[in-house]
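Nothing in this text is a laboratory measurement; each read-out follows from the coordinates by a stated rule. Here the structure is a predicted model, which means the values were calculated and not measured. Note: ideal-geometry Cβ built from the backbone for every residue, glycine included; neighbour counts use all protein chains shown.
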Amino acid sequence: MDKYKETAEKRLTDKVHPDRLSKEALVNSEFASREREQFFNTAYGEVLVDLFIEWLKTDPHENKSREFLYSTAMALGSVKEKLITIETFGKNVVHLQTNEDKDEQT
């Protein structure tokens, strides 16, 4: 019955205890973080392996080709980092705007 009590409290009252909200936010953020990390690691790993295979196909004297592939791999890491930052911030914009609105009202 306790598991239903939480849902009823949430739907029947406008006020939810701040501890409950913070606990839910933590659970949701842990799930989102884990899924995001798995997604980016999988995608990043596949592209990185493709670049490494292309690097292995080059001859040792092909410095420019090898340096280009290496630079591309390093740039891929920067792109991954930027995408994670934008995706994380993008999800929080709604909450940030809500907090700013509340600050302006007080």
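Odds and ends about this structure:
- Cα-projected label distance for GLU24 with VAL47, points at 7 Å along beta-carbon direction, nm: 3.5
- Two-site label geometry, ALA75 and ARG36: point separation in nm, points 7 Å out along Cα→Cβ: 2.5
- Charged neighbours of LYS80, selected by a Cβ distance under 13 Å, balance to -2 (K, R count +1; D, E count -1).
- Order of ARG34, ARG66 under a 10 Å beta carbon neighbour criterion, fewest first: ARG34, ARG66
- Using only side-chain charges placed at the Cβ, +1 for Lys and Arg and -1 for Asp and Glu, the dipole size of the stretch 18-60 relative to its Cα centre rounds to 220 debye.
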